[in-house]
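Enquirer: Quick one: this structure, given as structure tokens, is what I'll be asking you about.
The values are calculated or read from the model by the stated rules, or taken from the named source; none is laboratory data. From a predicted model like this one, the values you see are computed outputs, not experimental measurements. All Cβ positions, even for glycine, are placed from backbone atoms using ideal geometry, and neighbour counts span all protein chains on display.
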Amino acid sequence: MVDRAGGGNRGSRGPSPRGRGGRPGVRGRGPGGGAATPPRRTGGLNLRRLDGDNFELIHPKCVEELWPDYEEGLEIWKAGEPDEARDALRYALQGCGDNLWVHVALGRIALDAGKDPTLARGHFGYAFELARKAIPADFTGKLPPSRKANRPFYDAIDGLIVCHEALGDSQAAQEIRALARKLGG
């Protein structure tokens, strides 16, 4: 589970690509002279019982390993540079495709900065589907939205609802709302 607090100190990971004057999101050079990228890892999400009928999502280890890259993308976005933020966030996805936080952030950028509900729906929908795969079809428990590990799933749901409404699909928005109420208790 990822439960990080604090800043985005890159530690021994080296300087931010923005500090090198290079393109944001490109980390160094690979053996063949090309841009070095981390190997794409997916560990899959899972569920863990907390107490009674309450559960939380368990995120793959790569989410925590690439958390500084996620935080860097958010900082760049907050600085008013959505294109550069997208690059940094995509870099984090190259190393961890199952990072719900990154997918949700990309959806938020597409919706807020790009005014593109179709693209945003793709990002939110991908995060939503990753989490849904971790939840058994016959699941009758609760995923409390207040749990940090469950938060990006509900953020993806909120984003999907906004996108479906913007695209005129109120039925899909209602179905997702109903699912959120059922799972959230």
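Enquirer: Would you be able to tell me the number of residues in segment 115-146 that are among the basic types (Lys, Arg), out of contact with any helix residue (DSSP H, G or I) (no Cβ under 6 Å at 6 or more places or on another chain) and farther than 14 Å from ALA180 by Cβ?
Expert: Count: 2.
Enquirer: Within segment 136-147, can one find any residue that is basic (Lys, Arg), surrounded by 14 or more Cβ atoms within 10 Å (Cβ to Cβ), assigned to a loop (DSSP other than H, G, I, E, B) and at pLDDT 95 or above?
Expert: Within segment 136-147, one or more residues are basic (Lys, Arg), surrounded by 14 or more Cβ atoms within 10 Å (Cβ to Cβ), assigned to a loop (DSSP other than H, G, I, E, B) and at pLDDT 95 or above.
Enquirer: Also: Tell me, yes or no, whether segment 109-124 has at least one residue that is at pLDDT 95 or above and polar (S, T, N, Q).
Expert: Yes, that holds for at least one residue.
Enquirer: Which pairs have Cβ atoms under 9 Å, sit 6 or more apart or on different chains, and link a residue in segment 162-185 that is at pLDDT below 95 to one that is charged (D, E, K, R) and assigned to a helix (DSSP H, G or I)?
Expert: Pairs found: none.
Enquirer: Residue under question is ARG41, and the condition is that it be of a type in the set (D, E, K, R), at pLDDT below 90 and over 18 Å from ASN150 (Cα atoms); does it hold?
Expert: So ARG41 passes the test.
Enquirer: Right, next: Being surrounded by 15 or more Cβ atoms within 10 Å (Cβ to Cβ) and of a type in the set (Gly, Ala, Ser) is the requirement here; does ALA180 meet it?
Expert: On the way: surrounded by 15 or more Cβ atoms within 10 Å (Cβ to Cβ): yes; of a type in the set (Gly, Ala, Ser): yes.
Taking the combined requirement at face value, the residue satisfies it.
Enquirer: Okay, moving on. Which numbered condition trips up GLN94, out of (1) modelled with pLDDT under 95; (2) closer than 19 Å to ALA180 by Cα?
Expert: (2)
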